[in-house]
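Chemist: Here it is: the structure, laid out below.
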Amino acid sequence: MRVSKNQLGNAAKQGIISPDQADALFDYLQSQPDTGPAFTFTNILYYFGGLIAIGAMTLFMNLGWEAFGGWGIFFISLGYAGIGLMLTQKFQRSGHAIPAGICATFVVAISPLAIYGFQEAMGWWPDDTAYREYHKYIKWHWIYLEFGTLIVGTIMARFYRYPFMIMPIAVTLWYMSMDVAVMITGGHYDYEFRAFFSMWFGLLTTLLAFWVDIRSRKSGDYAFWLYLFGVMTFWGGLSMQHSDSELNKFIYFCINLGLIAIGAILVRRVFVVFAAFGCAWYLQHLASEIFEDSWLFPIALTAIGLGIVYLGIVWQRNERAITQRIRSVLPEALKELLNERSG
């Protein structure tokens, strides 16, 4: 929780602390390095600079690096990783958690390039695909880069506990969901299978995020990126399922309503955002196809919407009692998680 000067001033007015103490405490807090994410200019500079460095060795990699050859790419990558580790240690010792986490993330993000260089040097690379295409095209042999990155990410996460480090791990799992599907189908394009595989892979990633959330409930938010890419992959695969059945479309709508409920319970907006798109698509389907000529449908939908708003008012009045009743029957670990996330 960030403390503002106005809050300290109010505390001084209520006699909790003196005005001089309020000013001194505010100056002290301002002088401390940021240890968590917040929308400040300092943090914007941290993340902007860090993402440029990470992007330079991933998304913006050009063909010029191919001139170094496999061993050149491998050892240059190791050199960059070594610099990243040294900076991580330096920032960690000085108490700058965000820069330390960004540098640790850089080490994980550069892993695919190092693995590519090593495979190229050993003559194990299966075709003439350049590394720059790793972030553009779906191919089965990226799987080696992805497994290697997951191993490096797991090792780094073991020693450096920074939530931002999970970002390249989550992205890698997302890539893997696409590449494994291609590998299973032998490179043939099978839209329905890819959608089906993506849905279940995303569900597993989301469950992994929940497990991480439970494990890290008393520390940082290590599950955010896993939730983001897990829900995105699951919802994307679910939404790409083709069906001419109105029952299946209604089930799809109900699943999205369930995602909204899960998002509200776990205090995770990512569930609500994607589910809102799914619900909007279903309602648009009803309006444009099922009730295209019905003058009553918009009126009924308006009534439903206002009814939901009223339900929100009723919920707000009884939220504390309902929440306490529900949480009283939950497992202790989940109860602690919800208490930590919702405050």
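What follows is calculated from the coordinates using simple rules that are stated; it is not laboratory data. Model, not experiment: these values are computed from the prediction. Quick reminder, even Gly has a Cβ in these numbers, built from the backbone with ideal geometry, and neighbours come from all protein chains shown.
Chemist: If I compute Rg and Dmax of the Cα atoms in Å from the structure I just sent, which labelled value in (i) 20.8, 70; (ii) 20.5, 67; (iii) 24.6, 73 lines up?
Modeler: The calculated read-out lines up with (iii).
Chemist: Work out the FRET efficiency for Ile322 and Trp295 from their Cβ-Cβ distance, taking R0 = 30 Å, and round it to the nearest 0.05.
Modeler: Working: r = 38 Å, r/R0 = 1.25.
My answer for the efficiency is 0.20.
Chemist: So if I take the centroid of the Cα atoms in the stretch 46-96 and the same for the stretch 138-202, what is the distance between those two points in Å?
Modeler: 21 Å
Chemist: Just to be sure I understand the model, the point goes 7 Å from the Cα along the line to the Cβ. What's the resulting Ala287 to Glu246 distance in nm?
Modeler: If labels sit at Ala287 and Glu246, their model points lie 1.9 nm apart.
Chemist: Given labels modelled 7 Å from the Cα in the Cβ direction, how far is it in nm from Leu59 to Phe147?
Modeler: 2.9 nm
Chemist: Another question, then. Can you sort Arg325, Arg161, Arg268, Arg217 so the residue with the fewest Cβ neighbours within 10 Å comes first?
Modeler: Numbers: Arg325 10, Arg161 15, Arg268 23, Arg217 19.
By the 10 Å Cβ count, ascending, the order reads Arg325, Arg161, Arg217, Arg268.
Chemist: Related question: Give the span of the stretch 280-343's Cα atoms along each principal axis, as three whole-Å numbers ordered largest to smallest.
Modeler: 52, 23, 19
Chemist: Could you give the length gained on full extension between Asn10 and Phe159, defined as 0.36 nm per residue of separation minus the Cα-Cα distance, in nm?
Modeler: Additional length available on full extension: 49.5 nm.
Chemist: Same structure again: Using 0.36 nm per residue, how much length does the chain from Ala130 to Arg93 gain when fully extended, once their Cα-Cα distance is taken away?
Modeler: The span from Ala130 to Arg93 would gain 9.5 nm if fully extended.
Chemist: Can I ask one more? When we measure straight from the Cα of Lys218, which lysines land under 30 angstrom away, once same-chain ones fewer than 8 places off are left out?
Modeler: By straight Cα distance, Lys218 reaches Lys5, Lys90, Lys335.
Chemist: Shifting gears a bit: If R₀ is 35 angstrom, what is the calculated FRET efficiency for the pair Trp140 and Ala276, using the beta carbon separation as r and rounding to 0.05?
Modeler: 0.50
Chemist: Hey, another quick one. What FRET efficiency, computed as 1/(1 + (r/R0)^6) with R0 = 35 Å and r the Cβ-Cβ distance, is obtained for Ala333 and Trp200, rounded to the nearest 0.05?
Modeler: Step by step, r from the Cβ atoms, then E = 0.90.
Chemist: Mean-square fluctuation check for the chain, GNM, Cα pairs under 10 Å: which of Thr105, Thr129, Thr172 is largest?
Modeler: Thr129
Chemist: Through the Karplus equation 6.51 cos²θ - 1.76 cosθ + 1.60, θ set to phi - 60°, convert the phi angles of the stretch 201-216 into ³J(HN,Hα) values in whole Hz; use x for Gly and Pro.
Modeler: 5, x, 4, 5, 5, 5, 5, 4, 4, 5, 4, 5, 4, 5, 5, 9
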